[in-house]
Structure formats: C-alpha cells, structure tokens
Amino acid sequence: MIDGEVPGGCAPTHPVLCAPREIADAAGSLLASSGASLSLAELQAAYLELQAAQAAVAAAQLHLTRVLVEHERPHRRKAPGTQTKGWLERAARLGRGAASTEVAAARATDPACGALRGLGAALAAGEVSRQHVEVATRLLPRLPQRVLDERREEVDDHLTEQARGFSPGDTDTLAKHLRRAVCADDDASDGWPEPPAASYERRQGSWYTDWTGMVQFRFSVPEADAKPLTAALSGLAAPTRCPSPVSDDQDDDADPDAVVPVDARTTTQRNADAFTELVRRGESAPGDLEVEVGRLVVVATEAQLAEEPGAGGAVCTHDPDPLSATALRRHACDAVVDRVVLDRRGAVVRMESLGRLATRAQRRALAARDGGCAFPQCSAPATWCEAHHIVFWSQGGATDVPNLVLLCSRHHTEIHLGHWTITVRDAVPWFVPPPWVDAAQRPLRNSFHQRIAATRAAAADLRRPPDEAPGAPPDHQDIADAEAA
C-alpha cells in the first residue's frame, strides 16, 4: 500500500494534507455553536483546551516550516532557509521580519538539534504559547556563543521553566535580565554591555516640529545617566489615581473590571504627559522632581457621613461626583485626606485628617520587598504603586512596613471591594482569592518580581565553566510555594 493511501481506493490522505482541513472544519463547528447550554466552568475549561490546541497547531506549523527548509533547492550562494523566507513573505504574506522569525523559531525548536528542544516540546504539549517561543528565539543570538556551546541544555531548561510560569511579556522581561546578567563580564563583541566611554560618546539629542505642529524629540543617553530620568518618568506616567465609582453594596457577581477606574490615555500619551509634567515641575521647583501624592479634601454633612437615605454621598473638592465610603477608605491608604464637615447651612463644623502616608524610607523598603505591585500576576513597577494598609488605617492599622503592601491603582481598588483578602506569613503578604476564583481559597503570592532575582542568580551559574562547581543556590522556597499554590 502506498504511504498515506486509504483502503478501498480512496485518494491519498497524507497527514500534512489532512490536518489543515480537519482543523478548519473543527474551528467552523465551534464558530457555529453558541455554547449557551454549557456552564461557566465548562466554557472556561473549553477555552483552556483550545488554547493548548492552538499551541500544538503552532508547533505543527514550525515542523512544517522545517520540512519546507529541507525541500529547498541547493544553492551555493544562499544560506539554508533563505528560499523559505522569501516564499513565506510572498505566499503566506508574513512580511520579512515575521518570515525570518518563523524560520529561526523552527530551527531553534527542532527536536533533533535545536537549541530550544525542551521549549519546543512544551509548545507541542500546549504548556506554552508561540509568543513564548519567539521571546526565547530573540534571546539566543544575544547570548555569548560560549554559553550556548557549553550550557545549551541549561539555557533551554531555564527558558522553558520561565515560559510555563509567566506571560510572554513577563518572560521577555526575565529574558532581558538573564541576558544582561550573563553578559555582565563579557566584552562588547557579544552585543552588551557597551563600554561606558563608547556609549557616552554616542549620546545625542534632537527635536523638530513636524508638519502637524507636533514637536518630535529624540534622545540617546547612557543607561547610567538615564536611570534617574526613566524612574521619574515612570512614576509620572502611572495611570491616573482617581476616585472609584464603586459603592459598598456592589453586587459580588459584577465584573470587577467594570468598576475599576480606567485611565483612558494610551501608554504613549501617558509618557508624553509625564515628560511635559517633569519639565513643568523642574521649572517650578528645581531639585525636587519626586512624584507627590495629591491631597484629597472631602466635603460632607453629618447626614452624609452617617449615610442616611437620601442624604447623598460625600464629594471631594476636585470632583463633584458622589464619593462612596469604599472609595474614601481606598484613598485614605496612600493620600492625605482631609474631611470637612458642614452643617445644613453650609458652615464648617469640624475638619479632620483621615489618612496617613508611608514615609519615603518605608516606600523604599516596600519596593525592595515587593518589587512592584504584590497582587498575583501583576507586573506593575513600584513607581506605579500605592502603599496599602493591610489592616485599614481607619480601623487602627499602623503605618508600618509589616502592615503595608504595594498595590497598583487597579488592584488597590480590587482589595477595597472586599473580594480578595490579605494575610501575612513571616512578614510577607499573601493574597487569598474569593471562592469563585479558587474554591479552596489557597493563598497566592506574586512571584514575578522575586523571579527576577532568581533569574540573575541562574545567569551567574551559566557564566561559570561546566566543570566548575556551582555556587550555593538561593533560597526561593517562597516562590515555589506561590507557584505550587
């Protein structure tokens, strides 16, 4: 029987020819089904299974790319894969960069000789995504060849472990930390770092006004000199802290994303506003460019404070919309909140302070401990975060580091909704999810910021020759506990 021939005289059905049609038919059946009769748990399980199937299809596509390279006509002037890249650009309409990435990923995940064989196997098993493979593929040519020759399997294992535990964006950040730590003692021939003298000579700045009237800026500054500038810009570019429109009696089944205040600006718009604000502050108060937390002045009557029916909610001076008690507690964590109480005629009865700020030293300690937003699976940097009182300040919670945790604006509001709770283990905050997230309500910890330190420690081992004994491994049991949970 001919390979791939179906008994009974049917046309040959080679798996390479049949699989795309079967996948398209299955996708068509899914699109034609509403799924209204399924439960939420069944729909979520189906989504995860489809995601794993999509990864397996991506692995099959890389396999087919390798087969295409093997079928290229020999050409003494063209490197293997060049013809396939050209065909992918024209026939598959991938574009030059995407075609090159496709061929490079196919080679790297080759189960016979690829540098990312383990990651390729994880992709075929549906454990990682195609984006994870692209992150690792971009990293390979930027690592010293010595490391790839001597420690290829260890690099593959490390990247596969990171891909299984984190999103592609976070994996890319960890890959950058790995590269910089591995290349720290290598010369500029490996691509990084550039000698300080050379980078200093290449500094430059320019600006011009385009035809629309927008001024375009372009600067190249050595990394060491740019750190204070990027830190200030990152803090100023954080999403706007604004009063939350949620109420105390918010339905527990409501979409949490629907009640979180959203900064409508894009990332690039926030960056532009941060640049303008930095210059403005430099003109008005030279030498003090640190981001300040605004002062919130709340105006209310005694009836509003007592939340009497029909009295209306309190308001703040910079926003006339009613301010709920939930929002007031949330702002009392990391802002100076003054409450002005009025009588029915509008006269001031009393004024009291409701909030207390963490000191600069405390925020530095929190940044060292939490690394950024401590909420599970959030990678917001520390400059975007606010100091939250685990035991609310209004309930007697102290403004001490053991009772504080860094949270971005979105997750700060999420905590004050009361769905998630925070518990402290050995002076480290852990987050207990609501039962609809995890029926067992197992505590979770954000391991991303701590994983950066683990990545750099792993890079130190990769820099050692294979025959040299590795150093003592760091204690990352807390990270393992969080990932296991």
Worksheet item: For labels at Leu64 and Ala398 in the simple 7 Å Cα→Cβ model, what's the distance in nm?
Response: 6.4
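If you take the square roots of the eigenvalues of the alpha-carbon gyration tensor of the stretch 2-151 and sort them as a ≥ b ≥ c, do you get rounded (a/c under 1.5), prolate (a/b over b/c) or oblate?
The shape class here is oblate.
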Worksheet item: Regarding the stretch 368-465, what whole-number volume in Å³ per residue does the convex hull of its Cα atoms give?
Response: 125
Worksheet, complete the sentence: Once Arg73 and Arg203 are pulled to full extension, the length gained, defined as 0.36 nm per residue separation minus their Cα-Cα distance, is 42.1 nm
Worksheet entry | Ordering of 446-459, 403-416 by burial proxy (mean other Cβ atoms within 10 Å per residue, highest first) | 403-416, 446-459
Discussion item. Using the alpha carbons of the stretch 392-437, what is the convex hull volume per residue in cubic angstrom, as a whole number?
Written reply: 91
Worksheet entry | Among 82-88, 155-161, 203-209, the order from most to least packed when residues are scored by Cβ within 10 Å on average | 155-161, 82-88, 203-209
Worksheet item: When ranked by the protection proxy of mean other Cβ atoms within 10 Å per residue, highest first, what sequence do the peptides 52-63, 167-178, 119-130 form?
Response: 119-130, 167-178, 52-63
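Every number here is computed from the coordinates shown, using simple stated rules; none is lab data. Owing to the predicted nature of the structure, the values given are computational and were not obtained by experimental measurement. Cβ: placed from backbone, ideal geometry, glycine included. Neighbour counts: every protein chain shown.
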